[in-house]
Amino acid sequence: MSAIQVTNESLEKIMSDSETVVTSKPLAAVASVEKTEPGESLPGRIGRMAGDVIKGLLPPVLGLALFVGIWALISQTSPQLPGPLKTWASAQELFSDPFYNKGPNDQGIGWNILASLQRVAIGFGMAAALGIPLGFMIGRFKFLSAMVSPIVSLLRPVSPLAWLPIGLLVFKAANPAAIWVIFISAIWPMIINTAVGVNRIPPDYMNVAKVLNLSEWKIFTKILFPAVLPYMMTGIRLSIGVAWLVIVAAEMLTGGVGLGFWVWDEWNNLNVEHIIIAIFVVGIVGLLLEQMLMLLAKRFNYE
């Protein structure tokens with residue numbers, strides 16, 4: 001077996017090499033770094049970048065084209081289901097004036113989207129304000145974890161809409177009842193993921209904190225929060241998905257202004273094009289919310 005001896009001269013030679021890349025990333029990440037071919041011309045580089053963009057866009061474009069094709073085929077065999085072209089024409093007309101207001105039961109889709117987003121923001125914000133600190137405490141203190149874990153395990157699998165009658169009974173109004181359903185549905189992923197993140201902290205970190213006699217505030221800000229943040233953001237992403245999933249069903253039952261009520265109202269009017277548009281709107285807004293949280297998670301990534 002041969003051994004490699006690293007000397008100051010060899011290190012200087014390695015660091016002076018033009019192909020040496022210095023980075024804090026793991027070796028696997030370094031291996032994936034693409035290097036510009038020496039002597040590559042500008043048109044060649046532009047062509048290579050265009051090829052990469054086409055390779056990235058081609059699969060989703062083909063998938064969407066296949067989806068629209070299947071949709072058009074089904075609409076040909078089922079006359080009640082509007083096809084893509086008819087739905088697109090209806091969407092153009094609908095979004096030409098999204099904020100019209102002709103009374104409580106006839107408002108533009110813009111007002112309905114804003115009403116649903118407002119309910120989700122309030123319910124989700126309340127769930128985050130309570131769920132994240134509770135998750136930290138459950139993960140930090142074993143006695144509290146033993147107290148709360150059976151309750152969380154019991155209530156977490158309950159269907160979100162099962163909480164709606166309780167909300168109507170307690171709050172005596174539809175709007176707070178819908179917010180209550182969002183709150184109770186969104187709180188569990190945040191509690192569980194935050195508590196799991198605290199439990200996954202290496203014991204050495206906490207031992208160092210004990211040796212240094214750090215206060216609970218220092219332990220939280222210097223150890224717990226940076227280490228738990230990825231788990232916490234995962235819980236937040238799951239929660240916002242659940243909250244946006246639940247709002248449509250809750251608004252269908254409670255009425256008022258909102259995407260769920262709008263879908264139900266259009267169903268009563270047998271306007272299937274608008275129902276399909278609402279499905280796409282719900283999907284697009286949910287996707288945007290998730291992407292926004294992913295960007296936020298990357299912004300606060302300590303790794």
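Here are the numbers for the structure shown:
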quantity	calculated
Cross-chain or 6+ apart pairs with Cβ under 6 Å, region 89-114 first and at negative phi, then of a type in the set (Ser, Thr, Tyr) and not in a strand (DSSP E or B)	GLY108/TYR100
Hits in region 162-184 (condition: open to solvent by 60 Å² or more (accessible area, probe 1.4 Å) and under 16 Å from VAL248 (Cβ atoms))	ASN175
Failed criterion for SER159 (all others in (1) modelled with pLDDT of 90 or more; (2) open to solvent by less than 80 Å² (accessible area, probe 1.4 Å); (3) not aliphatic (A, V, I, L, M) hold)	(1)
Subset of region 115-131 (residues that are more than 15 Å from VAL282 (Cβ to Cβ), open to solvent by less than 50 Å² (accessible area, probe 1.4 Å) and either over 29 Å from the mean Cα position of the chain (by Cα) or in contact (Cβ under 8 Å) with a residue 24 or more places away in the chain (or both))	GLY123, PHE124, ALA127, ALA128, GLY131
Members of region 165-185 found to be more than 22 Å from ILE236 (Cα to Cα) and part of a helix (DSSP H, G or I), listed by number	PRO165, ILE166, GLY167, LEU168, LEU169, VAL170, PHE171, ALA174, ASN175
Condition check for ALA72: over 23 Å from the mean Cα position of the chain (by Cα), more than 20 Å from VAL263 (Cα to Cα), small (Gly, Ala, Ser) and loosely packed, with under 11 Cβ neighbours inside 10 Å	no
Every residue from region 267-284 that is under 26 Å from the mean Cα position of the chain (by Cα) and surrounded by 15 or more Cβ atoms within 10 Å (Cβ to Cβ)	HIS274, ILE275, ILE276, ILE277, ALA278, VAL281, VAL282
Failed condition for TRP264, given (1) at pLDDT below 85; (2) within 23 Å of LEU161 (Cβ to Cβ); (3) open to solvent by 90 Å² or more (accessible area, probe 1.4 Å)	(1)
Restricting region 137-158 to residues that are of a type in the set (D, E, K, R) and assigned to a helix (DSSP H, G or I), the residue that is nearest to TYR205 (Cα to Cα)	ARG140
Residue selected from region 251-260 under the condition farther than 16 Å from VAL285 by Cβ and of a type outside the set (Gly, Ala, Ser), by the criterion least open to solvent (accessible area, probe 1.4 Å)	THR254
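The values are calculated or read from the model by the stated rules, or taken from the named source; none is laboratory data. Just so it is clear, the model here is predicted, and its values are computed rather than measured. Reconstructed Cβ throughout: ideal geometry from the backbone, glycine too, with neighbour counts over all protein chains shown. Side chains are part of the model used for accessible areas, which takes the heavy atoms of the whole protein and leaves out ligands, DNA and RNA. Shrake-Rupley method; radii C 1.70, N 1.55, O 1.52, S 1.80 Å.
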